[in-house]
Amino acid sequence: MTLEELRAQIDVLDRQLVELLSERARAAQMIGHLKAATSLPVYEPAREKVIYANVRAANKGPLPDIELTHIYERIIDVMRALQRNELASERNAQAQTPPGPGTTGATPETGNKQ
């Protein structure tokens, strides 16, 4: 293959990686919502160890296991930050939600809003 053909192949692979990383990010966001609903922590070191073991088991080279693990450490850091940002946005939205029907925010004594 020529240099141009190999670069074109890498461009196709990069687009596929972007698609897969986006799909992984969406799954991480959903996991973040479930963790929030069940009061689980965003950071789960035991789960991360399982991910690294799975990645190493699937690795057929040419990347050494340690390099692939480094790549996944970064991917997981980014996904964890995405979960935290998503949860912070949800908390901010909930804090800014106006009172529901029948709750005016008025005090019983004066009827004035606080």
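The values are calculated or read from the model by the stated rules, or taken from the named source; none is laboratory data. Bear in mind the structure is a predicted one, so any value in this text is a computation, not a measurement. Don't worry about glycine lacking a Cβ; one is built from the backbone with ideal geometry, like all the others, and counts go over all protein chains shown.
Could you please give the count of residues in the stretch 8-20 that are among the charged types (D, E, K, R) and either within 17 Å of Leu82 (Cβ to Cβ) or surrounded by 11 or more Cβ atoms within 10 Å (Cβ to Cβ) (or both)? Break it down into steps so the answer makes sense when it comes.
Here is the first cut: in the stretch 8-20, the residues among the charged types (D, E, K, R) are 11, 14-15, 19.
When the remaining residues are screened for being either within 17 Å of Leu82 (Cβ to Cβ) or surrounded by 11 or more Cβ atoms within 10 Å (Cβ to Cβ) (or both), the result is 19.
Of the residues in that region, 1 qualify.
Out of the residues in the stretch 30-40 meeting the condition of being over 13 Å from the mean Cα position of the chain (by Cα) and either of a type in the set (Lys, Arg) or on the phi < 0 side of the Ramachandran plot (or both), tell me which one is surrounded by the most Cβ atoms within 10 Å (Cβ to Cβ). Checking each candidate, the answer is Leu40. For the stretch 51-84, a tally of residues being small (Gly, Ala, Ser) and in contact (Cβ under 8 Å) with a residue 24 or more places away in the chain returns 0. A single entry from Ala46, Ala53, Ala93 fulfils the requirement of being at pLDDT 95 or above, over 16 Å from the mean Cα position of the chain (by Cα), exposed (fewer than 10 other Cβ atoms within 10 Å of the Cβ) and in a helix (DSSP H, G or I): Ala46.
Looking at Glu5, Glu23, which is the one that is modelled with pLDDT of 95 or more and either of a type in the set (Val, Ile, Thr) or surrounded by fewer than 10 Cβ atoms within 10 Å (Cβ to Cβ) (or both)?
Details: Glu23 fails: either of a type in the set (Val, Ile, Thr) or surrounded by fewer than 10 Cβ atoms within 10 Å (Cβ to Cβ) (or both).
None of the other options fit; the residue is Glu5.
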